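S.K.: This is the structure, below, for whatever I ask next.
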Amino acid sequence: MANNDDAKYVEQTKMLAGKPYFGGDPYLTELRKQSQERTANLAVVRNEPEKYSAAIRELLGTVGDDKAIMESP
């Protein structure tokens, strides 16, 4: 039998597999909230290159050191 930690990721696993999932799942809701907060933070630190780079890494997980960050005009 799966433990509670495994059950926490059931809807995320379905979503990532392209299967129908419950978007109101508490774990997915928390992930969405975190992503919204991290995205909003990008606007706050936009003109501070070091903080902006750190915010991008926090949002995306990893970004190569030799990668340029492109923005729309």
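The values are calculated or read from the model by the stated rules, or taken from the named source; none is laboratory data. These numbers come from a predicted model, not from an experiment. Cβ atoms come from the backbone with ideal geometry, glycine included; neighbour counts cover every protein chain shown. Quick note on the areas: whole protein, heavy atoms, side chains included, nothing else; ligands and nucleic acids left out. Shrake-Rupley method; radii C 1.70, N 1.55, O 1.52, S 1.80 Å.
S.K.: How many residues does the stretch 53-73 contain that are modelled with pLDDT under 75 and under 15 Å from ARG38 (Cα atoms)?
M.R.: 0
S.K.: Would you check if ASP6 is open to solvent by 60 Å² or more (accessible area, probe 1.4 Å), free of Cβ contacts under 8 Å to residues at least 12 places away in the same chain, part of a loop (DSSP other than H, G, I, E, B) and not aromatic (Phe, Trp, Tyr)? Even if it seems obvious, please write down each step before you answer.
M.R.: Values: open to solvent by 60 Å² or more (accessible area, probe 1.4 Å): yes; free of Cβ contacts under 8 Å to residues at least 12 places away in the same chain: yes; part of a loop (DSSP other than H, G, I, E, B): no; not aromatic (Phe, Trp, Tyr): yes.
The answer is no for ASP6.
S.K.: Also, I was wondering about something else. Suppose we keep only residues that are touching a helix residue (DSSP H, G or I) at 6+ places or on another chain (Cβ under 9 Å) and in a loop (DSSP other than H, G, I, E, B) within the stretch 30-47. Which one would you say is surrounded by the most Cβ atoms within 10 Å (Cβ to Cβ)?
M.R.: Ranking the qualifying residues of the stretch 30-47, first place goes to VAL45.
S.K.: If you take the residues of the stretch 33-52 that are among the polar types (S, T, N, Q) and over 10 Å from the mean Cα position of the chain (by Cα), which of them is modelled with the lowest pLDDT?
M.R.: Step one: of the stretch 33-52, the residues among the polar types (S, T, N, Q) are 34-36, 39, 41, 47.
With the extra rule that they be over 10 Å from the mean Cα position of the chain (by Cα), the set shrinks to 41, 47.
On the way: ASN41: 94, ASN47: 90.
Here the residue is ASN47.
S.K.: Next up: Would you mind stating whether ALA55 is part of a helix (DSSP H, G or I) and touching a helix residue (DSSP H, G or I) at 6+ places or on another chain (Cβ under 6 Å)? Full working, then the answer.
M.R.: On the way: part of a helix (DSSP H, G or I): yes; touching a helix residue (DSSP H, G or I) at 6+ places or on another chain (Cβ under 6 Å): yes.
Yes; evaluated as a whole, the condition is true for this residue.
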